[in-house]
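Visitor: I am attaching a structure below and will ask some questions about it afterwards.
Every number in this text was worked out from the coordinates using simple rules, so none of it is lab data. Since this is a predicted model, take the numbers as computed values, not measurements. Neighbour counts run over all protein chains shown; Cβ positions are idealised from the backbone, glycine included.
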Amino acid sequence: MILSQLAAFYQRMLEETDAELPRPGYSRELIGFVLVLTPEGELRHILPRLDDKGKARPMLVPAPRKQPGSGISPNLFWDNTGYLLGVDNKGKAERSAKTFAAFRQAHAALARDTGNARLEAVAAFLEAWRPEMFAGLDIGDLILDKNGIFQIEGDQGFLHEQPDIRTIWEEQRRPSGENGLTGVCLVTGKSAPIARIHPPIKGVSGANPTGAALVSFNCDAFESYGKNQSYNAPVSSEAAEAYTAALNFLLRKDSGHCLRLGSTSLVFWTEQPGPAEKIFASCLFYEDGEAVECGADTAEDRELLGRARAVLRAARDGKKPADSDLAALREAETRFFLLGLKPNQARLGVNLWQISSFGQLLNNLSRHYRDLALAPQYAGDPPLPPLWMLLRELAPQGKTENIPASLGDALSRAVLSGGRYPENLPAIVLQRIRADKKISYLRTALLKAFLLRNHPSQGAWTMELDDNRKDTPYLLGRLFALLEKTQSDAVGAVGASIKDRYIGAASTTPLLVFPQLLRLAQHHIGKAGYGKYNEDKIAGVMRGIDVFPPHLTLPEQGDFFIGYYHQRVANYQKKEKE
């Protein structure tokens with residue numbers, strides 16, 4: 001199903017006039033220089049193809065023939081300096097000599113078999129070139145280890161772009177069934193030559209940068225009926241090229257179809273072209289001012305994006321979305337595909353595959369934001385926080401690279417599918433709170449969402465302070481916030497407040513902490529300018545607490561911090577009014 005949908009997307013993209021997907025047999029690679037040759041095969045000069053940062057520029061070239069870890073296998077008409085010129089920066093001169101020899105031999109044989117004048121010029125250059133000549137190049141340091149291509153002087157365009165060379169390449173790549181093996185393709189259902197090894201997939205975060213395999217077998221235990229390598233999952237060479245080209249396109253950073261979530265690279269596409277494909281990422285992963293980044297760059301796309309966000313906000317606030325917004329979004333209905341990939345050494349693992357519609361995805365997002373809904377602590381708190389922002393809030397030091405990999409995968413699945421949040425979510429939130437004593441808007445929102453979805457028996461939650469809620473953990477959180485305010489009113493900012501010292505213990509073993517805090521509060525009440533007001537508020541909360549529990553469970557600790565957050569926001573709002 002995954003491969004067939006990717007192959008269908010490839011065919012769809014080929015039919016679009018502005019598609020950047022390479023046609024069959026070609027690949028988008030980074031090319032850093034051009035070797036300009038005379039028709040006789042002499043090197044005229046070398047042209048760098050570098051951007052302002054000194055990086056190679058992308059170009060469509062004949063698809064690579066080598067596989068990661070497959071030994072020496074030269075590409076045709078282009079390659080890196082190790083193959084092309086016999087020099088690289090790997091410190092293995094003997095291997096560089098072998099790669100260059102293989103590249104030279106492949107092109108000499110091709111020139112001899114075809115009699116093509118352009119290929120004969122390339123073969124003559126390679127025959128005359130010696131790797132030690134590289135040291136005399138003025139731009140040697142700029143092009144070392146980069147990929148290069150050829151151009152024959154007098155031609156319009158590069159070697160691989162010439163019609164006669166394209167014809168030769170098509171003959172070279174035409175599938176004939178390796179070892180004569182043909183079979184029924186699992187993707188197309190047709191009898192065709194079967195690919196022994198599938199092209200590499202590049203762009204998955206954390207995977208081998210030279211590419212990794214989605215379909216491969218390399219152990220006897222994985223082989224059936226004597227079928228080794230990819231023959232064990234028969235896919236035609238044509239279909240293998242199609243799905244890998246589609247996936248490599250989707251995984252590009254500038255494709256607008258790929259998002260990184262912890263260790264997962266999430267790609268998405270629709271069955272038919274339409275606005276849903278452009279606005280999905282923005283609804284979930286971008287803030288309001290970043291719409292252009294995800295491809296919503298036309299007035300129509302921005303209008304639809306605004307309507308989608310209006311629906312999400314209405315769902316968050318418990319209101320009925322506007323009929324006009326819903327009507328506009330129904331036009332975006334089409335099948336929506338989500339594929340999550342993560343690295344597994346030289347292979348790729350699939351940890352998310354979901355077929356839905358944009359409407360269903362919007363419903364799932366609406367539920368997510370409704371569960372998260374919370375009164376903001378500060379004016380800058382985002383009303384629809386992107387998923388990456390939630391994950392970053394749970395990372396040590398607030399760094400994206402420290403996001404727990406399993407959490408990012410599980411949380412994104414819950415948000416996209418509408419299922420339960422990961423069971424370890426509150427433990428991670430509470431761990432971060434105890435580490436830095438920060439009970440933030442986003443962390444509290446995550447605790448609230450978890451309890452609403454995974455523990456609905458605890459009842460509904462409001463966005464703001466709920467004076468009618470009488471469960472003890474919630475009241476204990478409120479009480480702690482009032483005690484903290486009483487201390488602040490009495491002595492102002494101190495080096496270590498009661499929150500810094502006691503909130504961890506108060507949220508886990510209330511019986512050991514609160515009697516001491518209440519005794520301390522009597523001293524603060526006598527000093528504070530609003531002492532009597534604080535005393536009345538404390539007494540009001542205490543009337544709902546019959547006994548201090550010896551300990552609180554994990555869900556009850558989440559309840560505690562929601563109560564603390566609600567009361568603290570209410571304290572701040574009251575202070576602003578006064």
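Visitor: According to the square roots a ≥ b ≥ c of the eigenvalues of the Cα gyration tensor, what is the shape class of the stretch 18-173, taking rounded for a/c under 1.5, prolate for a/b larger than b/c otherwise, and oblate for the remainder? Can you show the working numbers first?
Guide: Values: a/c = 1.24, a/b = 1.12, b/c = 1.11.
Judged from the Cα gyration tensor, the stretch 18-173 comes out rounded (a/c under 1.5).
Visitor: Turning to a different aspect of this structure: Mind giving me the FRET efficiency for residue 210 and residue 573? R0 is 51 Å, r the Cβ-Cβ distance, nearest 0.05 is fine. Walk me through the numbers before you get to the answer.
Guide: Values: r = 56 Å, r/R0 = 1.10.
Step by step, r from the Cβ atoms, then E = 0.35.
Visitor: Using the Cα centre of the chain as origin and beta-carbon charges of +1 (Lys, Arg) and -1 (Asp, Glu), tell me which of 426, 520, 203 is placed farthest towards the positive end of the dipole.
Guide: 520
Visitor: Enter the angle in degrees (range 0 to 90, nearest 10) between the Cα long axis of helix 237-250 and the first principal axis of the Cα atoms of the chain, meaning the one along which they spread out most.
Guide: That helix lies at roughly 40 degrees to the long axis.
Visitor: Now for a separate question. For the stretch 178-249, report the translational diffusion coefficient in µm²/s to the nearest whole number, using Stokes-Einstein at 20 °C, 1.002 mPa s, and a Kirkwood Rh over Cα pairs. Walk me through the numbers on the way to the answer.
Guide: On the way: Rh = 12.8 Å.
It comes out at roughly 168 µm²/s.
Visitor: I would also like to ask the following. Would you compute, from DSSP H runs of 4+ residues alone, the mean residue ellipticity of the chain at 222 nm, taking -39500 (n - 2.57) per run and dividing by the full residue count, rounded to the nearest 500? List each step's numbers first, then the result.
Guide: Values: 20 runs with 264 residues, N = 578.
Taken over the chain, the calculation gives -14500 deg cm²/dmol.
Visitor: Can I ask one more? Could you work out Rg/(2.2 N^0.38 Å) for the stretch 464-578, with Rg from alpha carbons only?
Guide: Values: Rg = 13.1 Å, N = 115, 2.2 N^0.38 = 13.4 Å.
Here the Cα radius of gyration is 0.98 times the empirical estimate.
Visitor: Tell me which of 572, 414, 336 sits at the most positive position along the dipole axis of the chain, charges placed on C-beta atoms (Lys, Arg +1; Asp, Glu -1).
Guide: Value: 572.
Visitor: Multiplying the sequence separation of residue 460 and residue 102 by 0.36 nm and subtracting their Cα-Cα distance, what value in nm do you get? Provide the component values of the computation, followed by the final result.
Guide: Details: separation 358, 0.36 × 358 = 128.88 nm, distance 6.96 nm.
Computed gain between residue 460 and residue 102 is 121.9 nm.
Visitor: Can you compute the charge dipole magnitude of the chain about its Cα centre, using +1 on each Lys and Arg Cβ and -1 on each Asp and Glu Cβ, nothing else charged? Give it in debye, rounded to the nearest 20.
Guide: 2160
Visitor: Give me the net charge of residue 205's neighbourhood, meaning all other residues with Cβ under 14 Å from the Cβ of residue 205; Lys, Arg count +1, Asp, Glu -1.
Guide: Details: positive: 202, 252, 253, 260, 342; negative: 401, 409.
Here the charged neighbours net out to +3.
Visitor: Same structure, new question: Using alpha-carbon positions, what is the distance between the centroids of the stretch 1-65 and the stretch 341-371, in Å?
Guide: Here the answer is 30 Å between Cα centres.
Visitor: Something else: Show me 23-35, 458-470 ranked by packing, highest mean number of other Cβ atoms within 10 Å first. It would help to have the intermediate numbers written out before the result.
Guide: Working: 23-35: 18.6, 458-470: 14.0.
Highest mean packing first, the order is 23-35, 458-470.
Visitor: Which distance in Å, rounded to a whole number, links the C-alpha centroids of the stretch 497-517 and the stretch 379-452?
Guide: Measuring centre to centre over Cα atoms gives 24 Å.
Visitor: Label-point separation (nm) for residue 389 and residue 184, each offset 7 Å from Cα along Cα-to-Cβ?
Guide: The two pseudo-label positions are separated by 5.2 nm.
Visitor: Need one word for the stretch 370-445: rounded, prolate or oblate. Basis is the Cα gyration tensor (sqrt eigenvalues a ≥ b ≥ c); a/c below 1.5 gives rounded, then a/b vs b/c decides. Kindly include the intermediate steps, with their values, before the conclusion.
Guide: Values: a/c = 1.55, a/b = 1.08, b/c = 1.43.
Oblate is the answer for the stretch 370-445, as a/c is 1.5 or above yet b/c matches or exceeds a/b.
Visitor: Same structure again: Could you state the angle between the C-alpha long axis of helix 425-436 and the longest principal axis of the C-alpha atoms of the chain, as a value from 0 to 90 degrees rounded to the nearest 10?
Guide: Here the helix axis deviates by roughly 70 degrees.
Visitor: Also, quick follow-up: Mind checking the dipole of the stretch 178-249: about its Cα centre, +1 per Lys or Arg Cβ, -1 per Asp or Glu Cβ, Debye to the nearest 20?
Guide: 100
Visitor: How high is the FRET efficiency between residue 511 and residue 470 when r is their beta carbon distance and R₀ equals 30 Å, given to the nearest 0.05? List each step's numbers first, then the result.
Guide: Numbers: r = 19 Å, r/R0 = 0.63.
Efficiency, rounded to the nearest 0.05: 0.95.
Visitor: Another one. Just one of [x] 24.3, 90; [y] 31.2, 101; [z] 36.2, 113 is Rg and Dmax of the Cα atoms in Å calculated from these coordinates, so which is it?
Guide: Read-out from the structure maps to [y].
Visitor: Okay, next question. Once you order the gyration tensor axes a ≥ b ≥ c over the Cα atoms, which shape class does the stretch 116-171 get: rounded for a/c under 1.5, otherwise prolate or oblate by comparing a/b with b/c? Mind showing how you got there, number by number?
Guide: Working: a/c = 2.34, a/b = 1.83, b/c = 1.28.
Cα axes put the stretch 116-171 in the prolate bin.
Visitor: Along the charge dipole of the chain, Cβ charges K/R +1 and D/E -1, which of 363, 265, 108 sits furthest on the positive end?
Guide: Final value for the positive-end residue is 363.
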